[in-house]
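Following: one structure in structure tokens, then a few remarks.
The values are calculated or read from the model by the stated rules, or taken from the named source; none is laboratory data. Just so it is clear, the model here is predicted, and its values are computed rather than measured. Cβ: placed from backbone, ideal geometry, glycine included. Neighbour counts: every protein chain shown. Heads up: the accessible areas ignore ligands, DNA and RNA and are worked out on the full protein's heavy atoms, side chains in. Shrake-Rupley method; radii C 1.70, N 1.55, O 1.52, S 1.80 Å.
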Amino acid sequence: MGDVKMRISGVEKSFPGVKALSNIEFSVRKGTVHALCGENGAGKSTLMKIIMGLYKADKGQIYIDDQPVDIRNPIQAREYGISMIAQELNYVPELSVEENLFLGRLPVNRFGKIDWKKVRRETIRFLEEEKLPYEPTQKLKTLTVSDIQMLEIIKAVTNNAQIVIMDEPTSSITEREVKQLFAKIAELKAKGVAIVYISHKMDEVFQIADDITVLRDGTVVSTDRAQDLDLDTVIAKMVGRKLSNVYPKEEVPIGEKVIEVEDFSQDGLFEDVNFYARKGEIVGFAGLVGAGRTEVMRTVFGLDPHKTGTVKIHGKPVEIKSAGDGIKNRLVMLSESRRDDGIVPVRSIQENASLASLRQYIYGGYTHKAKEKKEVKEMFEKMNVKAPSMDTEISKLSGGNQQKVLLARWMLCDPEIMILDEPTRGIDVGAKYEIYKLITDIVKENKSVIMVSSELPELIGMCDRIYIMCQGRIAGCITKEEFSQETIMRYATGVADRA
């Protein structure tokens, strides 16, 4: 199946103050998976938005089946057989499964009315084919993020699309669902569908890609057959340098206990949770999806209530019933979902950064703008935030830079304890390295970091101790000498004896 389905030729795109894409050339063959790799800000999402008709290219041409096409909006893209699963899931929580599946393409009968019987029939067929246990009438807000991700994937492929773009499709789904997705990709390939696959998980890329194109700073570095490449070569091409050490962990003196959580329980979510973190220590939290890690952290920070248990800071019990209480006790939390609980998309990066510490810039009822700007600017320089200006809307930044702005927000509160929930989700190798360096700098300042992550190599590479959760309980706690993916998985799956 060597023939080309889609070809991008000479595509360029600029935004005020930044050239996003320069002379992009690449082709996607029928029945293959074409992986697009590159750091955040390399231009991958901008290029996909041009293909989907969300942005108009300044120059260049897209060809489908060797015919030049002019794609002005996503509806036209669909007519040309292009479908996209976006990294930030686009769904309507209050609508049902069937309404979401057919959103924007509801079938009508000969009287011009919506054919709801057909919608129900087709939805049931799709759900049965994919072995998904949902009711067509179930509202999307009752499903988990991974369930919704799987529905988005079905929605894209039920359009009879000939070109499917997948932007980080596995960022929110479990191991089992990843297997389902890869089986679906194999089916699509067999039907001759061309797939453009964007992922920061390089092991995945090498599992399923036929071709790999690397983008850096808005230009194509190379396109090769996947079999001719290895991981180190791709990473070196992406970042323009060899990363000799992916995890810049440093030995930091570990001091006394700063936070102790004792006998924490909340009905149906977690039970009898005990842990502590010391000065200068990075404490990891591992576990499978649904183990209760995020729920515990949200409760410790005061976002959700708990039934029993105590939080002690410096040995003294403290009442934390809101995020404000957490901040007063110099405890902060970077949440798992940047989009839902992190950024304020319509506000500038400066406003996003100073949001949690505004009180320190207000005198006599007025905001001391100069002081706010100076301190935010200093923090951005420290964090190496790449943006045209401090007035740029945060939604215009790459995922890695958004994450750095959110880290800056919490650092401006001068915390002693930082809870980081999936701090590197959806960001590239280079930006991950920078975030790891920032985490190392944080503990060098005698602070404590509690790091929740689904990426075991990250926890093993960065932590001093790792707690492992299984079904709402702490199954074990291991020290550096015991670190291994196998050990963690044994506790996470309940195979190891409970600690």
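Could you check LEU101 against (1) under 26 Å from PHE182 (Cβ atoms); (2) surrounded by fewer than 18 Cβ atoms within 10 Å (Cβ to Cβ) and say which number it fails? It fails just one condition, (2). Criterion first (surrounded by 15 or more Cβ atoms within 10 Å (Cβ to Cβ) and within 30 Å of LEU132 (Cβ to Cβ)) does ALA190 satisfy it? When the stated conditions are applied, ALA190 does not pass them. From the list SER14, SER22, the one residue that fits, being open to solvent by less than 50 Å² (accessible area, probe 1.4 Å), in a strand (DSSP E or B) and either touching a Cys at 6+ places or on another chain (Cβ under 7 Å) or under 30 Å from SER389 (Cβ atoms) (or both), is SER22.
Only one of the numbered conditions (1) within 22 Å of VAL239 (Cβ to Cβ); (2) open to solvent by 20 Å² or more (accessible area, probe 1.4 Å) is violated by ASP391, and that is (1). Output the residues belonging to the stretch 423-454 that are in a loop (DSSP other than H, G, I, E, B), open to solvent by less than 10 Å² (accessible area, probe 1.4 Å) and modelled with pLDDT of 80 or more. Answer for the stretch 423-454, where residues must be in a loop (DSSP other than H, G, I, E, B), open to solvent by less than 10 Å² (accessible area, probe 1.4 Å) and modelled with pLDDT of 80 or more: PRO423, THR424, SER453.
Kindly indicate the residue of the stretch 455-467 that is among the charged types (D, E, K, R), in contact with a strand residue (DSSP E or B) (Cβ under 9 Å, 6 or more places away or on another chain) and open to solvent by 10 Å² or more (accessible area, probe 1.4 Å) and also nearest to TYR436 (Cα to Cα) among those meeting that condition. Going through the qualifying residues, I end up with ASP464.
Just one of the numbered conditions (1) within 22 Å of the chain's Cα centre (by Cα); (2) under 25 Å from PRO457 (Cβ atoms); (3) at pLDDT 90 or above is not true of ILE254: (1). Would you be able to say whether some residue in the stretch 227-249 is within 27 Å of the chain's Cα centre (by Cα), at positive phi and either crowded, with 19+ Cβ neighbours inside 10 Å or of a type in the set (Phe, Trp, Tyr) (or both)? Checking the stretch 227-249: not a single residue is within 27 Å of the chain's Cα centre (by Cα), at positive phi and either crowded, with 19+ Cβ neighbours inside 10 Å or of a type in the set (Phe, Trp, Tyr) (or both). Residues in the stretch 136-157 that are in contact with a strand residue (DSSP E or B) (Cβ under 9 Å, 6 or more places away or on another chain) and in a loop (DSSP other than H, G, I, E, B) were compared, and the one that is least open to solvent (accessible area, probe 1.4 Å) is PRO136.
A search for C-beta distances below 9 Å between a residue of the stretch 173-202 that is more than 23 Å from ILE235 (Cα to Cα) and any residue that is part of a loop (DSSP other than H, G, I, E, B) and acidic (Asp, Glu), counting only pairs 6+ apart in sequence or on different chains, returns GLN180/GLU130; LYS184/GLU130; LYS189/ASP210. Being crowded, with 17+ Cβ neighbours inside 10 Å and small (Gly, Ala, Ser) narrows it down to one of GLY218, GLY268, so name that one. Matching residue, one of GLY218, GLY268: GLY218.
Screening GLU94 against (1) of a type in the set (Asp, Glu); (2) touching a residue at least 24 places away in the same chain (Cβ under 8 Å); (3) out of contact with any Phe, Trp or Tyr (no Cβ under 9 Å at 6 or more places or on another chain); (4) surrounded by 13 or more Cβ atoms within 10 Å (Cβ to Cβ) leaves a single unmet condition, (4).
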